[in-house]
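The values are calculated or read from the model by the stated rules, or taken from the named source; none is laboratory data. Owing to the predicted nature of the structure, the values given are computational and were not obtained by experimental measurement. Backbone-built Cβ (ideal geometry, glycine too); neighbour counts: all protein chains shown.
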Amino acid sequence: MPTVMIGSALDIVEHCGVPRFVFSDFPLGNPCGHPWDRDMQTATVRLALQVLTTATRPRTTVRSPFEWKADDPAWRERYNRVRPEDRERLLALGDERRRRQAANAAAAKAAGQA
Amino acid sequence: MPDQSSGPPVPYMERTRNYYRALGYTKDYVWAHHTDVPFVRPAKPLAAMTVGLVCTAGPGDRSHRDAGNRRHVWSGLVASPPASFDTDVAWDRESTHVDDRETFLPIDAVQRLVADGTLGGLAPHFHTAPTDYSHRKTLEEDAPEILRRLRADAVDAAILTAL
């Protein structure tokens, strides 16, 4: 099945290896274009279809020509950032996640035994 | 190599590794890596092609999750997609929102390209690829099931979008 991917995590996708990739250099969540910008979304999908038909080899990456919002130049710094003042909160968050994961695992086991 | 005039691409693997270590996890996640990547050329020109959509956001009612909260492949109709989506996956909540479905599941965008003659058609179903971080489940269960469903709709090619 011929495929083309549209996404925003360049390193993860290229590490994995996919046939064709349109890279939108945006915050994770909006790979197909800015929210509510129909022209940009249509252009992004059009680009993906072009890559689908013009790529000649696997691991083809084409960068979308669109940039994220000019009024938010600091967006690249945010995702999963760990500042010194975050460490105590993150460790507590991790403890809660591990409690929840253990509960989910127990529920899955119980469901499997039901 | 992407143009770096507006800053280098975010190093998500390094960020995620450091973040989960800060959460107290001691075992780093191992991302999928394939030496051999399949490459199939489309058999038809775009204007004759039917495309299927695959994304990573499931339905808002979480019916794609089982009793153990594990996500599974789910399919919806492009003619009547869910009013809301399960967006409890990894996206940048500080910088944007996912209120506009078209940013991660571009049904309307594809339909505009069908209407203007660029593309032959859009398959009646779209599919959700679950993100359970299990390489085995993805390769042995989810991907083959999605492929089966795409073929059931006579899809010629698929667009995969990662929320």
Enumeration of residues in segment B:76-106 that are more than 10 Å from chain A (Cβ to nearest Cβ) and surrounded by 19 or more Cβ atoms within 10 Å (Cβ to Cβ) | B:76, B:85, B:86
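With over 19 Å from the mean Cα position of the chain (by Cα) and either facing chain A (nearest Cβ under 7 Å) or surrounded by 12 or more Cβ atoms within 10 Å (Cβ to Cβ) (or both) as the only criterion, which of B:25, B:29 stands out? Before the answer, list the steps.
Values: B:29 fails: either facing chain A (nearest Cβ under 7 Å) or surrounded by 12 or more Cβ atoms within 10 Å (Cβ to Cβ) (or both).
The match here is B:25.
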Inspect all residues belonging to segment B:16-37 and state whether any of them is modelled with pLDDT of 95 or more and in contact with a Pro (Cβ under 9 Å, 6 or more places away or on another chain).
-> yes
Between residues in segment A:8-21 that are at the interface with another protein chain (Cβ under 7 Å from one of its Cβ atoms) and residues that are in a helix (DSSP H, G or I), which pairs lie under 7 Å by C-beta distance while being six or more apart or on different chains?
-> A:9/B:12; A:11/B:12; A:11/B:13; A:12/B:12; A:12/B:13; A:15/B:13
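For segment B:150-163, how many residues are touching a residue at least 40 places away in the same chain (Cβ under 8 Å) and more than 11 Å from chain A (Cβ to nearest Cβ)?
Going through segment B:150-163, the residues touching a residue at least 40 places away in the same chain (Cβ under 8 Å) turn out to be B:150, B:153-163.
With the extra rule that they be more than 11 Å from chain A (Cβ to nearest Cβ), the set shrinks to B:153-154.
Result for segment B:150-163: 2.
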Selection over segment A:22-31 where residues are at the interface with chain B (Cβ under 7 Å from one of its Cβ atoms) and touching a helix residue (DSSP H, G or I) at 6+ places or on another chain (Cβ under 6 Å) yields a count of 3
Is at least one residue of segment B:136-148 crowded, with 16+ Cβ neighbours inside 10 Å and assigned to a loop (DSSP other than H, G, I, E, B)?
-> no
Number of the exception - residue B:45 against (1) free of Cβ contacts under 8 Å to residues at least 12 places away in the same chain; (2) surrounded by fewer than 19 Cβ atoms within 10 Å (Cβ to Cβ); (3) over 18 Å from residue A:45 (Cβ atoms) | (3)
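Would you call residue B:131 more than 20 Å from residue A:35 (Cβ to Cβ), β-branched (Val, Ile, Thr) and modelled with pLDDT under 95?
Spelling it out, residue B:131 is indeed more than 20 Å from residue A:35 (Cβ to Cβ), β-branched (Val, Ile, Thr) and modelled with pLDDT under 95.
Return a yes/no flag: does segment B:32-39 have any residue that is facing another protein chain (nearest Cβ under 7 Å), of a type in the set (Gly, Ala, Ser) and either free of Cβ contacts under 8 Å to residues at least 24 places away in the same chain or touching a helix residue (DSSP H, G or I) at 6+ places or on another chain (Cβ under 8 Å) (or both). Lay out the reasoning, then the answer.
First, the residues of segment B:32-39 that are facing another protein chain (nearest Cβ under 7 Å): B:32-34, B:37-39.
Retained after the next criterion (residues that are of a type in the set (Gly, Ala, Ser)): B:32.
Next, only the ones that are either free of Cβ contacts under 8 Å to residues at least 24 places away in the same chain or touching a helix residue (DSSP H, G or I) at 6+ places or on another chain (Cβ under 8 Å) (or both) stay: B:32.
The answer is yes; a qualifying residue exists.
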When you go through (1) out of contact with any helix residue (DSSP H, G or I) (no Cβ under 9 Å at 6 or more places or on another chain); (2) buried (at least 21 other Cβ atoms within 10 Å of the Cβ); (3) modelled with pLDDT under 95 one by one for residue B:60, which number turns out not to apply?
-> (2)
Just checking, which of A:48, A:70, A:92, A:43 is of a type in the set (A, V, I, L, M) and modelled with pLDDT under 95?
-> A:70
Looking at residue B:159, is it in a helix (DSSP H, G or I), within 13 Å of residue B:52 (Cα to Cα) and not hydroxyl-bearing (Ser, Thr, Tyr)?
-> no
